[in-house]
1. List the residues whose amide H sits under 5 Å from the amide H of residue 192, counting only those 5 or more places along or on another chain, with H placed 1.01 Å from N in the peptide plane.
2. Going highest first, how would you order 92-105, 56-69 by mean Cβ packing within 10 Å?
3. Please work out how much length the chain gains when fully extended from residue 178 to residue 109, using 0.36 nm per residue of separation minus the C-alpha to C-alpha distance, in nm with one decimal.
4. Residue 140 to residue 86: FRET efficiency via 1/(1 + (r/R0)^6), r the Cβ-Cβ distance, R0 30 Å, to the nearest 0.05?
5. Using a 1.4 angstrom probe on the protein heavy atoms only, could you order 176, 83 from most to least accessible area?
6. Could you pull out the pairs from 131/212; 107/185; 138/211; 138/182; 123/213; 119/182 whose alpha carbons sit more than 22 Å apart here?
7. Stretch residue 201-residue 75 to full length: gain in nm at 0.36 nm per residue minus the Cα-Cα span?
8. Roughly how many nanometres apart are two label points built 7 Å out from the Cα toward the Cβ at residue 34 and residue 49?
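The values are calculated or read from the model by the stated rules, or taken from the named source; none is laboratory data. Small disclaimer: the values here were computed from a predicted structure and weren't measured. Reconstructed Cβ throughout: ideal geometry from the backbone, glycine too, with neighbour counts over all protein chains shown. When the accessible area is computed, the model is the full protein with side chains, heavy atoms only, and any ligands, DNA or RNA have been set aside. Shrake-Rupley method; radii C 1.70, N 1.55, O 1.52, S 1.80 Å.
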Amino acid sequence: EFDHPLITGTRPMQGSSNNFVIDPNKLDFNGLRESLAEIKDPRSRFGRRYELLPILTLSVAAVLSGHTQYRQIRDWIGGLPPELRAKAKLRGTRVPSESMLGKLFRKLDSAHLEQVIGKYLLKYHKNISEKVISLDGKHVRATATDAYRQHRFLNVIVQDLGITIRQLHIAPNSDERREAMKVIKELDIEGVTITADAIHTNAESAREIVKKKGRFSSVSKTIIAISENN
């Protein structure tokens with residue numbers, strides 16, 4: 001068995017808010033491999049020492065266990081017994097280096113990888129009957145001194161699981177409400193509670209949530225009633 005994060009003494013990085021870890025023994029490795037098989041290998045086919053799928057599978061397991069730095073991922077994989085690495089199809093005694101992991105993950109399509117992992121985790125937690133999805137827009141301050149030029153993202157978070165299932169870049173000619181409507185129309189939100197900032201309290205969003213049988217509050221009913229009366 002894998003060592004539980006509480007036994008290994010895994011702690012979040014200093015100053016990081018990432019303290020969500022799970023027991024890797026409860027991971028469905030077959031399902032994880034099947035999900036990650038969608039990811040294309042960005043490397044040249046020449047000189048590949050390791051196959052992509054085993055590295056991705058073990059790296060995701062390491063991160064979900066609280067090991068978020070390349071060095072921590074390398075040490076976690078290297079500390080596994082050979083039979084456990086073989087379970088993820090990483091055979092032999094060699095393990096990827098810190099620099100190799102860094103170069104690989106910088107080349108990957110991070111948005112696609114995030115979507116694939118998000119879908120896997122939602123499927124893994126499908127036994128949870130009630131979900132709360134939050135729509136949370138953020139400005140990345142370090143990207144520009146002018147607030148209007150800063151990169152903006154809309155995060156779609158499943159609150160009770162601590163999982164970000166989508167992260168949409170908000171284009172300069174778009175806005176947070178427009179991106180949120182795309183999410184509401186695409187997601188299966190039947191029976192799901194949607195929470196969002198005050199900017200989303202408009203009749204169009206409220207009607208769409210009601211149409212897709214999402215759970216809504218008296219505030220949403222009031223928004224629809226006011227818009228219809230006016």
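1. Under 5 Å from the amide H of residue 192 lie the amide H atoms of 215, each far enough along the sequence or on another chain.
2. Details: 92-105: 15.0, 56-69: 21.1.
So the peptides 92-105, 56-69, ranked by packing, come out 56-69, 92-105.
3. On the way: separation 69, 0.36 × 69 = 24.84 nm, distance 2.40 nm.
Separation in residues times 0.36 nm, less the Cα-Cα distance, equals 22.4 nm.
4. Numbers: r = 41 Å, r/R0 = 1.36.
Calculated value: 0.15.
5. Numbers: 176 30, 83 125 Å².
Sorted descending by solvent-accessible area, the residues read 83, 176.
6. Working: 131/212 15 Å; 107/185 31 Å; 138/211 27 Å; 138/182 17 Å; 123/213 20 Å; 119/182 17 Å.
Correct reply: 107/185; 138/211.
7. So the chain would gain 40.7 nm between residue 201 and residue 75.
8. So the label points at residue 34 and residue 49 sit 3.3 nm apart.
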